[in-house]
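Asks: Okay, handing you the structure first.
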Amino acid sequence: MEQVNQEDWLDKELREATPYIDDAGFTARVLQQLPPPRRSRDLLRAAILLGMTLLASVLAYVVSGGGRFVSVTIERLAALPALWVFLLALASSLVVAAVGATAAISRERLLRA
Amino acid sequence: MELTDADLVARVLVDDDQHAFGELVRRHQSAVRGLLRQLTRTDVALADDLAQQTFLRAYKNIRGFRGEARFSTWLYRIAYNCFREDARRRKELVGIDEAQLQTQHDPQVANPGLRHDLMRALSLLPLNERSAVLLCCQNGLSHDEAARVLDIPLGTVKTNVLRGREKLKRILADWGPN
């Protein structure tokens with residue numbers, strides 16, 4: 001019994017030996033040293049990608065003689081049988097759905113982890 | 001409703017939310033700094049430097065936290081690794097001569113007496129026993145959790161805790177119940 005009392009006494013003292021340490025600016029110092037948030041890096045990346053896409057589109061428009069290929073392609077599509085147009089639209093929507101589902105699953109895995 | 005550690009970790013992972021990480025630091029800073037102060041034999045400045053390193057490393061490697069253990073246990077493991085790496089660089093911290101042992105003044109330990117003697121007795125223990133006693137008896141980790149933090153077998157943790165406690169009881173015999 002005495003042994004039990006002694007262990008209780010020692011455990012209690014050990015638990016109380018370290019009082020709560022005031023933050024005193026510690027958290028702020030840690031946060032100051034963190035790398036910039038990913039969101040700002042992502043915004044910069046998105047702006048660069050958008051700029052490059054616009055530039056490439058303008059370039060393609062000029063090089064292709066004022067975008068004549070667009071009207072030619074639309075004419076060709078219009079000449080296709082209705083079944084072919086339906087199949088093309090279905091395939092396109094399946095591809096978009098597959099990409100969306102993959103993105104959703106990977107985000108959900110991150111949340112679960 | 002207060003968010004759990006797991007919720008905050010999820011926010012850091014998904015949105016790189018630094019406010020959420022700040023909340024995690026605020027919640028655990030006292031325990032991590034306290035542990036490191038004991039490991040470094042109350043060298044407050046060194047302990048706080050190591051605590052900062054611990055949280056920065058935790059932020060950079062937060063994807064490595066898989067939620068198998070408590071977030072605090074994961075942090076203790078990083079803190080202990082930071083301490084060990086630093087101790088390897090400054091060999092004098094591990095192999096310190098007991099005669100040289102003059103515990104620096106810790107402002108948090110203002111009350112001399114039993115607590116002062118306990119701190120001193122803890123600092124006299126070899127590192128393996130000190131760290132096991134600190135984690136299990138002071139920070140409330142199970143032997144299994146302590147084994148993960150210290151990266152040693154479960155049986156070794158139990159032996160180190162037992163030996164450390166025996167030594168503490170012997171050193172502090174005058175303070176114990178009669």
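The values are calculated or read from the model by the stated rules, or taken from the named source; none is laboratory data. In this text, all values refer to a predicted model and were calculated from it rather than measured experimentally. All Cβ positions, even for glycine, are placed from backbone atoms using ideal geometry, and neighbour counts span all protein chains on display. Side chains included, ligands, DNA and RNA excluded: accessible areas come from the protein's heavy atoms. Shrake-Rupley method; radii C 1.70, N 1.55, O 1.52, S 1.80 Å.
Asks: Going through A:57, A:106 one at a time, which residue ends up being over 30 Å from residue B:67 (Cα atoms) and polar (S, T, N, Q)?
Replies: Numbers: A:106 fails: over 30 Å from residue B:67 (Cα atoms).
Unique residue meeting the criteria: A:57.
Asks: Right, another one. Among the residues of region B:57-73, is any open to solvent by less than 40 Å² (accessible area, probe 1.4 Å) and at the interface with another protein chain (Cβ under 7 Å from one of its Cβ atoms)? Steps first, please.
Replies: From region B:57-73, those open to solvent by less than 40 Å² (accessible area, probe 1.4 Å) are B:58-59, B:62, B:64-65, B:69, B:71-73; that's our starting set.
Checking which are at the interface with another protein chain (Cβ under 7 Å from one of its Cβ atoms) leaves us with B:59.
Yes: region B:57-73 contains one or more residues that are open to solvent by less than 40 Å² (accessible area, probe 1.4 Å) and at the interface with another protein chain (Cβ under 7 Å from one of its Cβ atoms).
Asks: Separate question: Which of (1) surrounded by 11 or more Cβ atoms within 10 Å (Cβ to Cβ); (2) in a loop (DSSP other than H, G, I, E, B) is the odd one out, the single condition residue A:28 does not satisfy?
Replies: Going through the list (1) surrounded by 11 or more Cβ atoms within 10 Å (Cβ to Cβ); (2) in a loop (DSSP other than H, G, I, E, B), residue A:28 breaks only (2).
Asks: Look through B:36, B:3 and report the one residue that is open to solvent by less than 10 Å² (accessible area, probe 1.4 Å) and touching a residue at least 12 places away in the same chain (Cβ under 8 Å).
Replies: It is B:36.
Asks: Next question. What's the number of the condition residue A:47 fails, among (1) open to solvent by less than 80 Å² (accessible area, probe 1.4 Å); (2) at pLDDT 90 or above; (3) within 14 Å of another protein chain (Cβ to nearest Cβ)?
Replies: Among (1) open to solvent by less than 80 Å² (accessible area, probe 1.4 Å); (2) at pLDDT 90 or above; (3) within 14 Å of another protein chain (Cβ to nearest Cβ), residue A:47 violates only (3).
Asks: Need the failing condition index for residue A:35 against (1) within 14 Å of chain B (Cβ to nearest Cβ); (2) at pLDDT below 80; (3) surrounded by 11 or more Cβ atoms within 10 Å (Cβ to Cβ), just the number.
Replies: The number of the failed condition is (2).
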